[in-house]
Ligand SMILES: N[C@@H](CCC(=O)N[C@@H](CS)C(=O)NCC(=O)O)C(=O)O
């Protein structure tokens, strides 16, 4: 099987795939795509995985592919009911956390409109509420959906590093619950999550600086 991954180093959705590749120690041919995603990706988005003659451009489907391609170590469990919890949580993290924080990218600019501040505050309020929801559903698990790293945690490094950089940039803070701090500790102590947290944080800091210089 011939595999090639088209990704972009500051894409949140591509960051998810980096976690899985590192965790599973998968070496893959990669292309850093800068723009014009429509020339290779069916949805004009990255990540996009080329598998022989197929082009698949959805991070969730790509993660599931790598899980089947190299099942050990696993990002699922051997229990059907835990696996549905893992997939449920993975979807919630993308819909409630990643989609909310993404809205802040377009608000990083040199000259802001007076209405920007209200929009920024509302996004921070939404993030705090969505984090509380996620942590309520997480319960006592060490990781987001299980006692081990799973598919549900793969977006976490990008989300947590973005949150840190956007809190600094917009001078806004969300209230950190004990659950938030406990999960942040698990993220920092896990090799694959921590490595991606640092790499992505560096990318976002650069992205913000370049945007302000432009
Ligand atoms: N649901 C898709 C979303 C992918 C997505 O929106 N990717 C962004 C980068 S994070 C993208 O390619 N946006 C188009 C662009 O930047 O031109 C997935 O999970 O793969």
In region 126-148, what residues are out of contact with any helix residue (DSSP H, G or I) (no Cβ under 7 Å at 6 or more places or on another chain), part of a loop (DSSP other than H, G, I, E, B) and touching a residue at least 24 places away in the same chain (Cβ under 8 Å)?
148
Every residue from region 181-193 that is buried (at least 18 other Cβ atoms within 10 Å of the Cβ) and more than 15 Å from residue 147 (Cα to Cα):
192
Given the condition touching a helix residue (DSSP H, G or I) at 6+ places or on another chain (Cβ under 9 Å) and closer than 26 Å to residue 195 by Cβ, answer yes or no: does some residue in region 110-125 qualify?
no
So which of 33, 20 ends up being out of contact with any helix residue (DSSP H, G or I) (no Cβ under 7 Å at 6 or more places or on another chain) and at negative phi?
33
Against the conditions (1) farther than 27 Å from residue 194 by Cβ; (2) surrounded by 13 or more Cβ atoms within 10 Å (Cβ to Cβ); (3) assigned by TED's automatic domain parsing to the domain that holds residue 198, where does residue 84 fall short? Just the number, please.
(2)
Taking the options 107, 92, name whichever one is within 14 Å of the chain's Cα centre (by Cα) and in the same structural domain as residue 159 (by TED's automatic domain parsing).
92
Answer yes or no: is there a residue in region 72-84 that is farther than 30 Å from residue 28 by Cα and more than 15 Å from the chain's Cα centre (by Cα).
yes
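The values are calculated or read from the model by the stated rules, or taken from the named source; none is laboratory data. It should be emphasised that the depicted structure is a prediction, and the values quoted were computed from it without experimental measurement. For neighbour counting, all protein chains shown are included, and Cβ atoms are generated from backbone atoms with ideal geometry for every residue, glycine included.
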